[in-house]
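The values are calculated or read from the model by the stated rules, or taken from the named source; none is laboratory data. A quick note: this is a predicted structure, and the numbers were derived from the prediction, not measured. We place every Cβ from the backbone using ideal geometry, glycine too, and count neighbours over all the protein chains shown.
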Amino acid sequence: MTDEALGHYCQMALGEHPGPKAQVHLEGLDAPLFFSQVRDAIAYQRMPEQSRPIRAIYVSDMAQAPSWNDPGIDNWAPAEEVHYVVGSRTAGGMGAPELVPFSDHGAAETFAKENGGSVRTLAEIPDATVLAPVNFTLDAAEDAGREALLPGQHPDAIEARVKP
């Protein structure tokens, strides 16, 4: 992921958005499709309109991320091998509900305890969670620009937290 990487759906620079990112590698293409939110990549995977078979999906490992605003550029994990916090109060980079991926189950549980939601595997996430329309609110849009507390961080170590 470079400074020039653009989100597949929004065509906006990934670095301009907080939260975890995803990349989808398609058969026959040299470069991956990047997504500003993990939810969007999983939605892409589950839609029947793909023009090419998916070879792999990688997501930001938030257990290794420096912060919510800086999800890292080299801490990718295979999408099917991580634990996702589903239904938390944290909004992804585009302001929609996010699937927050963690390689460490304990880190996912801690995040869910502090931010709401439940921990699930990729196979346990219902299609409706990623394919259903999103009802945006002003609070969700504001929260998308805030930094969430990651496991192991003290609240004083960050500038803002997600609203309860």
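Please work out if residue 109 is surrounded by fewer than 18 Cβ atoms within 10 Å (Cβ to Cβ), of a type in the set (D, E, K, R), modelled with pLDDT of 75 or more and touching a strand residue (DSSP E or B) at 6+ places or on another chain (Cβ under 8 Å). So residue 109 passes the test.
Within the set 95, 72, the sole residue that is out of contact with any strand residue (DSSP E or B) (no Cβ under 7 Å at 6 or more places or on another chain), on the phi > 0 side of the Ramachandran plot and not β-branched (Val, Ile, Thr) turns out to be 95. Residue 77 passes every criterion in (1) in contact with an Asp or Glu (Cβ under 6 Å, 6 or more places away or on another chain); (2) loosely packed, with under 15 Cβ neighbours inside 10 Å; (3) modelled with pLDDT of 90 or more apart from (2). Any idea which residue in the stretch 1-10 is surrounded by the most Cβ atoms within 10 Å (Cβ to Cβ), counting only those that are over 25 Å from residue 102 (Cβ atoms) and modelled with pLDDT under 65? The qualifying residue surrounded by the most Cβ atoms within 10 Å (Cβ to Cβ) is 6. With respect to the conditions (1) surrounded by fewer than 23 Cβ atoms within 10 Å (Cβ to Cβ); (2) at pLDDT 85 or above, residue 13 falls short on a single one, namely (2).
Note on the stretch 16-53: among residues that are among the aliphatic types (A, V, I, L, M) and under 21 Å from residue 86 (Cβ atoms), the one that is surrounded by the fewest Cβ atoms within 10 Å (Cβ to Cβ) is 47.
Quick check, is residue 52 outside any loop (DSSP other than H, G, I, E, B) and either modelled with pLDDT of 85 or more or in contact with a strand residue (DSSP E or B) (Cβ under 8 Å, 6 or more places away or on another chain) (or both)? When the stated conditions are applied, residue 52 does not pass them.
Here is a check on your reading of the model: is residue 130 surrounded by 19 or more Cβ atoms within 10 Å (Cβ to Cβ), in contact with a Lys or Arg (Cβ under 9 Å, 6 or more places away or on another chain), hydrophobic (A, V, I, L, M, F, W, C) and assigned to a helix (DSSP H, G or I)? Yes, satisfied. Could you tell me which numbered condition residue 89 fails, if it satisfies all but one of (1) over 30 Å from residue 48 (Cα atoms); (2) modelled with pLDDT of 50 or more; (3) surrounded by fewer than 19 Cβ atoms within 10 Å (Cβ to Cβ)? Against the list (1) over 30 Å from residue 48 (Cα atoms); (2) modelled with pLDDT of 50 or more; (3) surrounded by fewer than 19 Cβ atoms within 10 Å (Cβ to Cβ), residue 89 comes up short only on (1).
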